[in-house]
Amino acid sequence: MAASPDQFRGHARLPHFAAPLRYDLRLRPDLAACTFTGAAAIAVVVSAPTRFLVLNAAELDVDRASIRFQDLAPTDVAQFDEDEIMVISFDRELPFGEGVLTMDFTGTLNDQMRGFYRSKYVYNGESRNMAVTQFEAADARRCFPCWDDPAFKAKFKLTLEVPSDLVALSNMPVAKETVSGLTKTIYYEESPLMSTYLVAIVVGIFDYIESSTSEGTKVRVYTQVGKTNQGKFALDVAVKSLDLYKDYFATPYPLPKLDMIAIPDFSAGAMENYGLVTYRDTALLYDELLSSASNKQQVAITVAHELAHQWFGNLVTMEWWTHLWLNEGFASWVSYLAVESLFPEWNNWTQFLDETTSGLRLDALAESHPIEVEVNHASEIDAIFDSISYDKGASVIRMLQSYLGAECFQAQFLSDGSSGPGMWIVPVTACCGSYDAQKKFLLKDKMDKINIKEFSDSQSADGEKNQIIWIKLNIDQTGFYRVKYDDELAAGLVNAIKAKKLSLMDKIGIVEDSYALSVACKQTLTSLLRLLNAYNDESDYTVLSHVTSVCLSISKITVDATPDLNKDIKQLLINLLLPAVIKLGWDPKDGESHLDVMLRSLLLTALVRLGHNETINEGVRRFHIFFEDGKTSLLPPDTRKAAYLAVMRTVSTSSRSGFDALLKIYREASEPQEKSRVLGSLSSSPDQDIVLEALNFMFTDEVRNQDSFYILGGISLEGREIAWTWLKENWDHVLKTWKSSSLISDFIESIVPRFTSEEKAVEVTEFFAGQVKPSFERALKQSLERVRISARWIESIRSEPKLGQTVQELLQADA
């Protein structure tokens with residue numbers, strides 16, 4: 001073995017000659033100074049000859065004089081910042097078997113929402129700090145030196161020294177507590193075996209509500225003081241989910257308690273820490289009066305997802321981040337199973353196709369990645385927490401469940417229209433004329449044939465024999481693949497949609513496949529518009545959520561592709577959605593369904609984005625009444641987003657009262673959902689100067705770093721050029737302020753893909769040349785690919801000879 005610590009540099013993972021068995025950690029956070037001190041005693045087993053101990057440490061000041069392994073003092077301690085490792089060298093080989101490694105260290109409660117960090121909140125009118133941990137994927141090393149790799153499971157015994165008036169939580173229940181003056185010392189029970197990324201600590205002032213599962217496990221929801229009523233819904237979902245999962249997994253919940261807590265500053269949606277699940281406020285809190293129906297649904301899905309991890313991910317853990325998709329994909333899939341059981345009226349499995357669609361759209365990029373992806377550096381891990389790992393992973397699991405374990409094949413579908421190198425076995429399902437006549441088979445080669453007579457309904461609805469009514473492949477969209485029909489088969493499906501012969505899932509699948517094929521230039525926009533016209537009397541939320549998404553995409557692309565036709569195309573799309581809006585109106589109705597409440601919000605927002613003047617004017621009217629009287633029933637939470645967007649469409653530099661009014665609402669709002677609704681509208685003005693002002697508002701202390709994506713996601717098409725200029729001018733500041741991969745990627749993914757020309761793709765490439773980092777490299781490549789895909793789609797649209805004629809025909813048919 002080489003004598004130098006340098007041999008351990010540049011490796012993705014730590015060596016396995018020594019591994020931790022147990023961590024005894026003592027931490028003392030100073031919330032005023034935003035620092036912490038710590039001491040670690042780690043039981044380590046040495047299993048191969050070595051005179052080194054190699055573990056992870058980042059942004060920690062380790063007291064080298066305090067380091068001991070048994071009675072051995074190190075001869076050298078080297079910290080390699082780029083690899084985030086610490087190499088402890090000794091003058092002799094370490095004895096085989098178990099020994100204890102001890103050391104003292106200090107660190108900073110950072111403001112980066114990773115590691116051991118600080119989050120701001122207001123208590124009794126005074127701004128305070130709470131101490132919070134977020135260790136997934138590789139940030140436990142920012143709190144204490146450790147083997148920060150999911151495979152190195154160990155037991156954890158934590159001790160915290162905190163001010164005596166604060167609440168201090170960790171993964172396990174409190175075993176003992178002592179008080180000395182203004183400080184209390186809390187000793188927690190030892191945990192079962194767990195990975196470092198699941199360790200959690202939260203220190204602050206909180207209230208809680210509690211309940212128990214059928215097995216007696218205590219479940220609590222912690223909130224800021226005075227907000228416990230907003231935790232009741234999540235608490236109910238949690239208790240019921242734990243009972244459901246206990247039976248589903250045939251294994252009891254593994255820990256003696258479960259705490260869930262809302263954190264004001266939180267980079268992700270939630271984190272499944274063992275026994276102490278942390279959430280962004282909006283993902284855990286629900287207020288019957290102030291939250292929307294979609295907020296309620298998102299809370300249920302998020303809670304069910306995180307609690308599924310308590311078994312699948314925490315109890316049983318992936319060996320390395322390569323297998324993240326199985327961890328997240330399964331939790332996503334089973335969360336829908338749980339919510340479908342708890343709220344069957346939400347039609348949740350049909351809404352699951354939102355996940356499938358998201359996964360398919362990202363997977364259609366050449367710069368996508370397999371669900372299992374090699375990870376060569378810790379900085380690369382965050383980038384794979386994406387729609388492939390979550391949504392494609394969940395969809396593949398659903399497909400396998402549906403097909404009893406078959407693996408997936410078709411050539412690879414890419415949005416740029418090319419054929420990728422990948423080939424798979426595809427589990428194909430088909431029905432012909434009726435769902436009573438179905439066939440399943442494995443497509444193993446590039447081409448295969450099936451005899452329709454083997455499974456077709458031999459008689460049509462009007463009694464005419466041997467007439468094929470329609471053929472649908474990929475029944476209920478259980479398969480993770482696209483389907484292209486020839487003109488005759490496509491016409492049959494259009495008739496089936498109009499005749500209401502198809503399931504909701506198949507109606508969604510047909511429009512999503514057709515849209516994807518149009519983007520890939522394998523089908524014309526003309527034919528896509530004709531297909532959309534078949535949905536003109538659709539009233540189901542789950543279907544219309546996909547139809548509106550496709551409509552908005554068409555509206556955006558035709559601004560650049562066919563500006564002369566854009567107004568007429570928008571009117572065509574408005575006509576498609578208007579009948580359902582007229583039925584629903586702006587005002588909620590007694591006894592209406594959860595899905596209709598969400599549909600109203602969806603359609604009103606879409607009509608505003610499409611420029612429907614009547615909807616915009618009504619939204620502005622209701623907003624002004626609401627601004628004067630916040631208790632009016634004219635603008636409940638579910639329709640506020642549409643009204644806020646309507647106001648911003650009328651805002652300009654010379655007429656900015658609506659913008660200022662929204663800022664006033666933002667500043668006075670105490671609920672995170674309301675704040676996010678306002679932020680999501682501020683950058684949607686057609687005036688570039690207002691867009692710039694909204695973007696700069698992100699840099700003020702009034703906007704939490706975690707909430708930047710709301711403003712970024714709302715940027716108007718008219719504001720894309722000023723947003724790109726702003727990003728270039730502020731890129732260094734963005735990199736310094738937003739450290740996590742997902743937050744940095746938001747800036748790129750929200751601005752770059754709004755462009756549609758090869759020239760802009762070249763400009764973006766030139767700007768980032770020489771300064772690309774692993775944390776955002778994948779996001780940049782995918783964004784540039786989307787720009788080029790849009791550019792090719794535009795060229796294809798411009799070459800369609802019958803597009804204008806078809807638009808006029810469809811408009812006349814609507815008249």
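The values are calculated or read from the model by the stated rules, or taken from the named source; none is laboratory data. From a predicted model like this one, the values you see are computed outputs, not experimental measurements. When we count neighbours, we look across all protein chains shown, and the Cβ atoms used for this are built from the backbone with ideal geometry, even at glycine. Only protein heavy atoms, including side chains, enter the accessible area calculation; ligands, DNA and RNA are left aside. Shrake-Rupley method; radii C 1.70, N 1.55, O 1.52, S 1.80 Å.
The figures follow:
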item: Heavy atoms of H305: accessible area, 1.4 Å probe, square angstrom to 10; result: 20 Å²
item: Difference of contour (0.36 nm per residue) and Cα-Cα distance, A3 to D487; result: 167.2 nm
item: Per-residue [θ]222 nm for the chain (sum of -39500 (n - 2.57) over DSSP H runs n ≥ 4, rounded to 500); result: -12500 deg cm²/dmol
item: Rounded, prolate or oblate (a/c below 1.5 giving rounded, otherwise prolate when a/b exceeds b/c) for the stretch 542-675 by Cα gyration tensor; result: oblate
item: Net lengthening on full extension, M447/E374 (0.36 nm per residue, minus Cα-Cα); result: 23.1 nm
item: Principal-axis tilt of helix 637-649 within the chain, Cα atoms, nearest 10 degrees; result: 70 degrees
item: Student exercise, the chain dipole from Lys, Arg, Asp, Glu Cβ charges, in Debye to nearest 20; result: 620 debye
item: Gyration tensor verdict on the stretch 536-577 (Cα atoms; rounded if a/c is under 1.5, prolate if a/b is larger than b/c, oblate otherwise); result: oblate
item: Spacing of the two label points (7 Å from each Cα toward its C-beta) at F343 and L634, in nm; result: 3.0 nm
item: The stretch 246-278 versus the stretch 138-184: alpha-carbon centroid distance in Å; result: 17 Å
item: Across K449/K484; K227/K296; K583/K675, pairs whose alpha-carbon gap is larger than 18 Å; result: K583/K675
item: Cα centroid separation - the stretch 520-573 against the stretch 582-630, whole Å; result: 21 Å
item: R621-D81 FRET efficiency (beta carbon distance; Förster radius 45 Å; 0.05 resolution); result: 0.20
item: Burial ranking of peptide ranges 387-400, 647-660 (average Cβ count within 10 Å, highest at the top); result: 387-400, 647-660
item: Aspartates and glutamates whose Cα lies under 12 Å from that of K498, excluding same-chain neighbours fewer than 8 positions away; result: D537, E538
item: Those GluC sites (Glu not before Pro) in the stretch 305-353 that DSSP places in a loop and that have at most 13 other beta carbons within 10 Å; result: E319
item: For the stretch 71-79, 3J(HN,Hα) per residue [Karplus equation, 6.51 cos²θ - 1.76 cosθ + 1.60, θ = phi - 60°, Hz, x = Gly/Pro]; result: 9, 8, 9, x, 8, 7, 10, 10, 10
item: Positive dipole terminus of the chain, leading residue within L337, A33, A138 (C-beta point charges); result: L337
item: Probe 1.4 Å, accessible area per residue of the chain, Å²; result: 40 Å²
item: Solvent exposure ordering (accessible area, 1.4 Å, most first) of K664, K484; result: K484, K664
item: Cα-based reach from K556 at 19 Å (exclusive), listing lysines while leaving out same-chain residues under 8 positions away; result: K567, K570, K760
item: Rounded to 10°, Cα long-axis angle of helix 803-814 versus longest principal axis of the chain; result: 80 degrees
item: Separation in nanometres of the label points that stand 7 Å from Cα toward Cβ, at I209 and E93; result: 6.2 nm
item: Nearest-20 debye value, the stretch 11-204 charge dipole, Cβ charges on Lys, Arg, Asp, Glu; result: 420 debye
item: Computed E for V316/T653 - FRET, C-beta separation, R0 35 angstrom, nearest 0.05; result: 0.05
item: Folded to 0 to 90 degrees: helix 393-402 orientation relative to the chain principal axis, Cα; result: 70 degrees
item: Within straight-line cross-link reach of K155, lysines at Cα separation under 27 Å, skipping those fewer than 8 residues along the same chain; result: K176, K184, K218, K246, K257
item: Chain lengthening between A33 and E288 when straightened (0.36 nm per residue, less Cα-Cα); result: 88.0 nm
item: Distance from the stretch 291-339 to the stretch 20-34 (C-alpha centre basis), Å; result: 28 Å
item: Shape of the stretch 11-204, Cα gyration tensor, a/c cut at 1.5; result: prolate
item: Carbon/sulfur fraction of accessible area - the stretch 333-404, other protein chains in place, 1.4 Å, %; result: 52 percent
